[in-house]
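Here's the structure we're looking at; comments come further down.
What follows draws every value from the coordinates through simple rules; no lab data is involved. Just so we're clear, the structure is a prediction, and the values are computed from it rather than from any experiment. Every residue, glycine as well, gets a Cβ built from its backbone with ideal geometry; the counts of neighbours run over all protein chains shown.
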Amino acid sequence: MVSMDEVKKGLRDIEENYTRYLISHFREWKKWAEQSDTIYEGREVKEEEVPPVFLTEMRIMKVIKEMETLGEFDWNNQTLRLLFSELSSGPFYTYFGGIIAHITIELAKLYKASHLVEVGAGDGRLTEILLARMKERNVQTPLLITDSKPVVEVAGTKVREEYPEMEIESMIWDIMKPPSTEMLTRISHPSIIYERYSLTYTNYQAIANLAQVGDVLVMGGWFNNTRAIYGYDKVFAKIGLKTLLLNEVEDQLKKYYPCIYPLDSGVKKAINFPYTTLLLAWR
Ligand SMILES: C[S@@+](CC[C@H](N)C(=O)[O-])C[C@H]1O[C@@H](n2cnc3c(N)ncnc32)[C@H](O)[C@@H]1O
């Protein structure tokens, strides 16, 4: 097993960079959290009053609330699709993807990993970021990308065409269910599971399933570390996002992983940010 000190040392620069970025980017989180309560209660908040980094989130929240008033939720709504696409191509999402990729590659080196596994890969946006970084750094660890939806097979075909030199497989895996025997036989160990914003659609049970596959977990799903629930939590819950409490996630992780490390504790200290945004666990 790689020690806590080795991991901390290997990731020190990236932790400092990430912490600085988050402190600056989310410094006005409390103002937005309170504004989101106001929106949730159906009262007006002017766009110009919302800290710019939260503007797209605010617009999404308003569309979801409007749909609720109309009585039906429509994922195909053009405005909603455009807003989600704006969010997922925005500066934070992209930067965050780069950080997850960087950490995964550093840990793959430290661990001499034999397999990387992405869960909740969706249409492969994070996969693309990881593969570009792997190519830059000449890392060729085999990769398996998974998701509960068939879209992952499309993403798999695309990245196999883009990176013919890499060993990339794709398959469907609903992480609320244990991995199939087929999947278990495909994975070589030590293995690293990484993810961004997919655990947040599941619950604590998923950890036991992940632990059957990954010797190391890089979790970029956000975990609530204060138990405070704001308006945006309540509205995003309507589209399937779960509030997962950090201490309960840690309790589950402890059953399978002796080492657990939140990479952004400096953000909590500096601005009391109520989410742990990057959590690592390994054995
Ligand atoms: C917000 S998208 C994020 C996609 C991708 N991780 C990224 O960062 O670009 C959430 C993804 O989680 C997947 N997901 C939700 N529940 C899941 C489950 N139980 N098992 C596996 N994937 C799941 C969805 O299908 C979707 O692709």
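Values computed for the structure shown
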quantity	calculated
From phi via Karplus (6.51, -1.76, 1.60), per-residue ³J(HN,Hα) for the stretch 110-117 in Hz, x at Gly/Pro	4, 8, 6, 5, 9, 8, 10, 10
Reach of Lys30 by Cα under 25 Å, taken over lysines that are not fewer than 8 positions away in the same chain	Lys46, Lys62, Lys65, Lys234, Lys238, Lys242, Lys268, Lys269
In order through the stretch 40-50: 3J(HN,Hα) via Karplus (6.51 cos²θ - 1.76 cosθ + 1.60), integer Hz, x for Gly, Pro	4, 7, x, 9, 7, 10, 6, 4, 5, 8, 7
Rg ratio (alpha-carbon, reference 2.2 N^0.38 Å) - the chain	1.00
Enclosed volume per residue, in Å³, of the convex hull spanned by Cα atoms of the stretch 1-134	149 Å³
5 angstrom amide H check on Ile145, placed H, neighbours 5+ away	Glu118, Glu169, Ser170, Met171
Reachable lysines from Lys158, criterion Cα separation under 17 angstrom, eight or more residues apart if same chain	Lys135, Lys149
Percent of Cα pairs exceeding the 17 Å cut-off, where the set is the stretch 105-170	33 percent
Amide H partners (placed H, <5 Å) of Phe26, local residues excluded	none
Cβ-derived FRET efficiency at R0 35 Å, Asn17 paired with Glu48, nearest 0.05	0.70
Alpha-carbon centroid distance for the pair the stretch 1-29 / the stretch 64-87, whole angstrom	34 Å
